[in-house]
1. Treat each spin label as a single point 7 Å out from the Cα along the C-beta direction, and report the TYR163 to LYS40 distance in nm.
2. Quick check for me: using +1 on Lys/Arg Cβ and -1 on Asp/Glu Cβ, what's the dipole size of the chain about its Cα centre, in debye to the nearest 20?
3. Which one of PHE114, LEU170, TYR144 has its Cα pushed farthest toward the positive end of the charge dipole of the range 100-172, where Lys and Arg give +1 and Asp and Glu give -1 at the Cβ?
4. Extension gain ALA174-THR12, at 0.36 nm per residue separation less the Cα-Cα distance, in nm?
5. If I stretch the segment between LYS5 and THR28 completely, what's the gain in nm (0.36 nm per residue apart, minus their alpha carbon distance), one decimal?
6. Within the range 150-257, which trypsin sites (Lys or Arg not before Pro) sit in a loop by DSSP and count at most 14 neighbouring Cβ atoms inside 10 Å?
7. Once you have the Cα-Cα distance between LYS230 and ALA156, take 0.36 nm times their residue separation minus that, and quote the gain in nm to one decimal.
8. What number does the range 22-72 give for Rg over Rh if you use C-alpha atoms and the Kirkwood radius?
Amino acid sequence: MLDNKQRDFYNTFGFLFQRQLFTVEEMTQLTTAFDQVMKKARGDAPLDGGGQSIAELIEATTELDWILDDARIYETVTDLLGADFIWGGSECNITTHDEHRWHADRFGPTETEFHRLKIMIYLDETRADRGCLRVLPGSHREPYHSTLGPLIKQDAEAVVRTYGIEGADLPDHAVEAKPGDVLFFCHTLWHGVYHSFPGRRFMALKYAERPTTKAHIRSLDLYSNGVVFKPPLVLQQSSKPCLRRMVEGLTELAPNP
Ligand SMILES: O=C(O)CCC(=O)C(=O)O
């Protein structure tokens, strides 16, 4: 359970970084499951220096469902989003790019009013000069959030054109992560990656507060490609009530085509 200071930190800055939330043994289990899922998804072919992204980690293995109701994840999500949150999907990524320019995963004033959360678990050490995630603290909220709008298309010159400096030089906070650390961040927070390296691995878990308006449903539909409204059977049929609750009623909420 988070304390008031941690909650205030998240609400003010848009992220919460928890060091060494998972043990070395747990990280070995997570990394092994991640590598197996990715290998299977590419038909056992070698990676050969390429990148890979899949959006079905939790659905793809029974080795990882423990993480969803583990108190370190579940209670933190409850603390940040409230008890009635929904499942937004999971991702596995192996990246090869040198940079992922500044962006917010959900951008715009209406998006900042609908609270969604992303959890990043990095499997490889990252540093400021080696591919760590950088965040612009406080940019999950207006007016800072929309002030950064000129950067949203992520074109190479946008930061120089707008602010006269390189993207890597914006005044940011570098979330330097070691395996075992976990980052919780608001989906409207601006973030980016610079000076990265090939083969960098991370998994992401996504959650949202339960949608209450048509705009929320439209946004979930748009950003998840409808996937939020087709929740995985492993969660729908889970023996754990807290996991079933995360997907309850979602199929019925799907917007009409
Ligand atoms: O590569 C990363 O660490 C972050 C990727 C990212 O920006 C995103 O998932 O939105």
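1. Reported label-point gap for TYR163 and LYS40 is 4.2 nm.
2. It comes to approximately 400 debye.
3. The listed residue farthest towards the positive side: PHE114.
4. Numbers: separation 162, 0.36 × 162 = 58.32 nm, distance 1.67 nm.
Separation in residues times 0.36 nm, less the Cα-Cα distance, equals 56.6 nm.
5. Details: separation 23, 0.36 × 23 = 8.28 nm, distance 3.08 nm.
Value of the extension gain: 5.2 nm.
6. Values: sites: LYS153, ARG161, ARG200, ARG201, LYS206, LYS214, ARG218, ARG244, ARG245; in loops: LYS153.
Those that pass, being in a loop and sparsely packed, are LYS153.
7. Numbers: separation 74, 0.36 × 74 = 26.64 nm, distance 3.57 nm.
My answer for the length gained is 23.1 nm.
8. Numbers: Rg = 12.1 Å, Rh = 12.0 Å.
Radius of gyration over Kirkwood radius for the range 22-72 works out to 1.01.
Laboratory data are not the source of any read-out in this text; all were calculated from the coordinates shown. The structure displayed is predicted, hence computed values, not measured ones. Neighbour counts are summed over all protein chains in view; Cβ atoms, including those assigned to glycine, are modelled from backbone coordinates with ideal geometry.
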